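The values are calculated or read from the model by the stated rules, or taken from the named source; none is laboratory data. All figures in this text were calculated on a predicted structure; none of them were measured in a lab. No Cβ is skipped: glycine too gets one built from the backbone with ideal geometry, and neighbour counts run over all protein chains shown.
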Amino acid sequence: MMLNRSKNGKYHRFDSSQRRIPTLTRKPYVDMQALTRRLRRQVMVGTEHIEMIPAPDNEIWSAEVNGTPVEVLAPSNAVLLDVLRDKVGTLGVKRGCDLGTCGCCTVMIDGQPRLSCLCLAGQVEGAEITTVEGLANGAHLAPIQACFGEYGGSQCGFCTPGFLISAQALLNENDSPTDQEIACAIDGNLCRCTGYQQIIDSIQGAAAIHRGEVEARAPASDPHPDPHPEGPEEPNMPPGHAR
Ligand code: FES
Ligand code: FES
């Protein structure tokens, strides 16, 4: 038996053996309707999420890249840019905007310059693809590459692979382009370092070599070995994982 103080300040006897514990004996109030609504919403969200993003199957993708037949395992919905960089190992193909606006990812597909960030690999299955690695003739730079160096057409170089491919595609069809035709050919390629005039001069210089009016310069030094002869170190890196 003990004294307990009530709210009004008076003391009264309190027998702990007769004490009621209402919170444990009463059922807790649960708003079943609210709970059901919440659960239903979670299930619906979960179901939609699973339906909208099904896991893509891996499939064998084959093409001829820079004159070499390649076969790689890639998701069926993979973008060509990802397959070239992450599976084939042609890291010269650059990811700039990933939106089709900068031209850094340009590659030649069956002789035509195309944006690899806007192209599904499955669409070009079996095609002939040329990346910047495929322009050089063995250890010797292609005229367009040598001229970019000579005329200052490249500074940071990030946009350069795309420019080189667009320019080479033009020169393959027209070895006497006007400045206007060159400007049209490279109007999908953006450069934020070099003035475009140096790039146009580089392409005109390469065109003169193609026409045989100027001799291509001999390489100034022995070529450097390919730093990635086996392709990327992690060949199974997921697409989109740019380095
Ligand atoms: S990365 Fe393809 S256009 Fe920019
Ligand atoms: S050389 Fe740097 S963006 Fe073109």
Q) Taking region 163-183 only, how many residues are without any contact (Cβ under 8 Å) to a residue 60 or more places away in the chain and not aliphatic (A, V, I, L, M)? A) 9
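Quick one: is Ala34 out of contact with any Cys (no Cβ under 7 Å at 6 or more places or on another chain), part of a loop (DSSP other than H, G, I, E, B) and modelled with pLDDT under 95? Write out each step before concluding.
Working: out of contact with any Cys (no Cβ under 7 Å at 6 or more places or on another chain): yes; part of a loop (DSSP other than H, G, I, E, B): no; modelled with pLDDT under 95: yes.
Criteria not met by Ala34.
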Q | Residue count for region 83-97, restricted to those that are away from ligand 2 (no atom under 16 Å from the Cβ) and surrounded by fewer than 24 Cβ atoms within 10 Å (Cβ to Cβ) | A | 3
(Q) Condition first: touching a residue at least 24 places away in the same chain (Cβ under 8 Å), part of a helix (DSSP H, G or I) and surrounded by fewer than 20 Cβ atoms within 10 Å (Cβ to Cβ). Now tell me which residues in region 184-200 satisfy that. (A) Gln198
Q.
Return the pair list, or none, for Cβ contacts closer than 7 Å from residues in region 151-162 that are on the phi > 0 side of the Ramachandran plot to residues that are assigned to a loop (DSSP other than H, G, I, E, B) and surrounded by fewer than 21 Cβ atoms within 10 Å (Cβ to Cβ), at least 6 apart or on different chains.
A. Gly152/Thr194
Q: Could you please find all residues in region 81-98 being in a loop (DSSP other than H, G, I, E, B) and more than 6 Å from ligand 1 (Cβ to nearest atom)?
A: Gly89, Thr90, Leu91, Gly92, Val93, Lys94
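May I ask you to list the residues in region 53-80 that are assigned to a loop (DSSP other than H, G, I, E, B) and small (Gly, Ala, Ser)?
Ala55, Gly67, Ser76, Ala78
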Q | Any pair with Cβ under 6 angstrom, 6 or more apart, that starts in region 99-116 at a residue that is on the phi > 0 side of the Ramachandran plot and ends at one that is away from ligand 2 (no atom under 16 Å from the Cβ) and in a loop (DSSP other than H, G, I, E, B) | A | Asp110/Ala127
Q) Before we move on, is Cys105 under 14 Å from Leu80 (Cα atoms), at pLDDT 95 or above, surrounded by 22 or more Cβ atoms within 10 Å (Cβ to Cβ) and within 14 Å of ligand 2 (Cβ to nearest atom)? A) yes
Q: Filter region 133-179 down to residues that are in contact with a Gly (Cβ under 9 Å, 6 or more places away or on another chain), assigned to a helix (DSSP H, G or I) and either more than 16 Å from ligand 2 (Cβ to nearest atom) or in the same structural domain as Gly100 (by TED's automatic domain parsing) (or both), then give me how many there are.
A: 7
